[in-house]
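Everything on this sheet refers to the single structure shown next.
The values are calculated or read from the model by the stated rules, or taken from the named source; none is laboratory data. Please read these numbers as outputs of a predicted model, since none were measured by experiment. Backbone-built Cβ (ideal geometry, glycine too); neighbour counts: all protein chains shown. Each accessible area value is taken on the protein alone, full model and side chains, heavy atoms only, with ligands, DNA and RNA left out. Shrake-Rupley method; radii C 1.70, N 1.55, O 1.52, S 1.80 Å.
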Amino acid sequence: MGRGKIEIKRIENASNRQVTYSKRKNGIIKKAKEITVLCDAQVSLVIFASSGRMHEFCSPSTTVGDLLDKYHKQSGKRLWDAKHENLSIEIDRIKKENDSMQIELRHLKGEDISSLHHTELMAIEESLDAGLAAVRKKQMEYHSMLEQNGKMLDEEFKRLQFVLQQQEMAMEENEMEMENAYHQQRMRDYNFQAPFAFRVQPIQPNLQERM
């Protein structure tokens, strides 16, 4: 007896569903490889599992991008909206500008200039002269800024030195005033004790005075 017809519906058991997916995925990719070799066909296959994992196959003779371009041209269907098309155009423009800047940079370094015309060499020379002038101007501004900062530092040093001298003079004056005050206090103390000095009298009275 032949095998019974299998009803095509979602497999509820997660384990069985994963096993079936793995087997059928491998079978589809195998068929895509076979038709590529046997029939010289260009095949692109992309599979996304329920987990989000992607599996893909593309014929070695082409790329997914080339096949999408062919599909877009032959089917007439818009694969991208206007926003994405504008973005693609902008990316291409930026790539061209980057390539142009890389070439110009090599020319400025003196590389790959043997094939340039006289006018192109003149333009490079003018660019180099302008760049050199800008560098010199920046250097002059830098030196001027250093000189200005040096003058400011000198002025600040002189100001601080003057302040320090003033403080030292003030401290010396305070010391002199304290010394003068100390000596004056000593003199006052001495003058205060002098009036109370007395002469020592003998114990026996003077006999001459009695006579």
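A few notes on this one:
- Residues that are surrounded by fewer than 11 Cβ atoms within 10 Å (Cβ to Cβ), closer than 29 Å to residue 45 by Cβ and either in contact with a His (Cβ under 7 Å, 6 or more places away or on another chain) or at pLDDT 85 or above (or both) within region 66-94 comprise just one, 74.
- The number of residues in region 128-181 being open to solvent by less than 100 Å² (accessible area, probe 1.4 Å), charged (D, E, K, R) and closer than 30 Å to residue 106 by Cα comes to 2.
- Inter-residue pairs, beta-carbon under 6 Å, first within 28 Å of residue 21 (Cβ to Cβ) and in region 55-76, second in a loop (DSSP other than H, G, I, E, B), 6+ apart: 59/42; 59/43; 62/42
- Scanning region 8-17 for residues that are of a type outside the set (Gly, Ala, Ser) and either under 12 Å from residue 57 (Cα atoms) or in a helix (DSSP H, G or I) (or both) yields a total of 2.
- Subset of region 18-42 that is touching a residue at least 24 places away in the same chain (Cβ under 8 Å) and assigned to a helix (DSSP H, G or I) - its residue that is most open to solvent (accessible area, probe 1.4 Å): 33
Residue by residue, here is whether (1) among the aromatic types (Phe, Trp, Tyr); (2) more than 39 Å from the chain's Cα centre (by Cα) holds:
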residue	(1), (2)
47	no, yes
52	no, no
68	no, yes
71	yes, yes
76	no, yes
89	no, no
92	no, no
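- Qualifying residue in region 141-162 (condition: assigned to a helix (DSSP H, G or I), within 30 Å of residue 101 (Cα to Cα) and out of contact with any Lys or Arg (no Cβ under 6 Å at 6 or more places or on another chain)): yes
- Among the residues making up region 43-62, those that are open to solvent by 70 Å² or more (accessible area, probe 1.4 Å) and not in a strand (DSSP E or B) are 50, 51, 53, 60, 61.
- Residue list for region 95-110, filter: open to solvent by less than 70 Å² (accessible area, probe 1.4 Å) and at pLDDT 85 or above: none
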